[in-house]
1. Accessible area per residue, 1.4 Å probe, Å², for the chain: what's the number?
2. Taking K and R as +1 and D and E as -1, what net charge do the other residues with C-beta under 11 Å from the C-beta of residue 33 add up to?
3. So if we plug the beta-carbon distance of residue 99 and residue 201 into 1/(1 + (r/R0)^6) with R0 = 41 Å, what FRET efficiency do we get, rounded to 0.05?
4. What full-extension length gain, to one decimal in nm, is calculated for residue 13 and residue 114 as 0.36 nm per residue of separation minus the Cα-Cα distance?
5. Give the residue from 21, 162, 198 lying farthest towards the positive end of the charge dipole for the chain; charges sit on Cβ (+1 for Lys and Arg, -1 for Asp and Glu) and the dipole is referred to the Cα centre.
6. Residues in segment 4-23, backbone N under 20 Å from the label point at residue 87 (7 Å along the Cα-to-beta-carbon vector): list them, ranges by number please.
7. Where the only charges are on Cβ atoms (+1 Lys, Arg; -1 Asp, Glu), what is the dipole of the chain about its Cα centre, to the nearest 20 debye?
8. Hey, can you rank 159-165, 149-155, 99-105 by average C-beta count inside 10 Å, highest first?
Amino acid sequence: MVEIRAATVLPARREPIELHTGDGLTLVGELALPQDRPPVATLVTLHPLPTHGGFMDSHVFKKAANRLPALADLAVLRFNTRGTSSERGTSEGTFDGGEGERFDVAAALEYAEFHDLPHVWVVGWSFGTELTLKWAHDPLVEGAILLSPPLHRATDADLDAWAGFGRPLTALVPEFDDYLRPEEARKRFARVPQAEVVGVDGAKHLWVGEPYVRIALDEIVKRVNPAAWPLPTEV
């Protein structure tokens, strides 16, 4: 047995993909699938703020793609929102502060639907949580998980809309977050009856450190494919 470390990449089928938005842009991304069997569920990931270094390779999502197809039979779809660059390439368009990005979210969900990816959950991180709360009310979506939600662009009206949408919502809130900490998060999310706020002791907004990445991935898998929880620490 070998310990899973920050740089561990486990076997998977990894395919470069393109998403096509309703307003005519092409976005670049990658789909990671279990190597020799169909996925049991799907993560559509929405990355942190591109104007502050967020992109499809932001480390928690890169590690999700590196590990979860093998460890939890999950499909992991990552992509660059409009105007965002990574090693995979640059998505067309320009950053639009979370408004035009509604088309990016829709394009990712349409891709998942067209390719028959099962049991879609949206996982947003920071800016990606704002996109989730504002634009992921799609019948295809079975639930959402928020990492470090700032609740900055997403308003109480967006929370009320998610409450009406009725799908499960879990917020993973770092103890030392720069924007929203667990106690305040519980107050803000109280207006969503089906929301669960999980405070993560010791964590910070960017989930730096392998112990915190493991917690985040474990909490995601616990909700999306509980049969694979808890994740192993060795392979």
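The values are calculated or read from the model by the stated rules, or taken from the named source; none is laboratory data. Please read all numbers here as calculations on a predicted model, not as lab measurements. Here Cβ is always computed from backbone atoms with ideal geometry, including for glycine, and neighbour counts include all displayed protein chains. We work out accessible area using only protein heavy atoms, side chains counted, and drop any ligands, DNA or RNA first. Shrake-Rupley method; radii C 1.70, N 1.55, O 1.52, S 1.80 Å.
1. Heavy-atom accessible area per residue stands at 42 Å².
2. Values: positive: 13, 14, 37; negative: 15, 30, 36, 73.
My count for the surroundings of residue 33 gives -1.
3. The calculated FRET efficiency here is 0.70.
4. 34.5 nm
5. 198
6. Inside the label zone: 4-19.
7. Magnitude of the dipole: close to 400 debye.
8. Details: 159-165: 15.7, 149-155: 19.0, 99-105: 20.9.
Answer by packing, highest mean first, reads 99-105, 149-155, 159-165.
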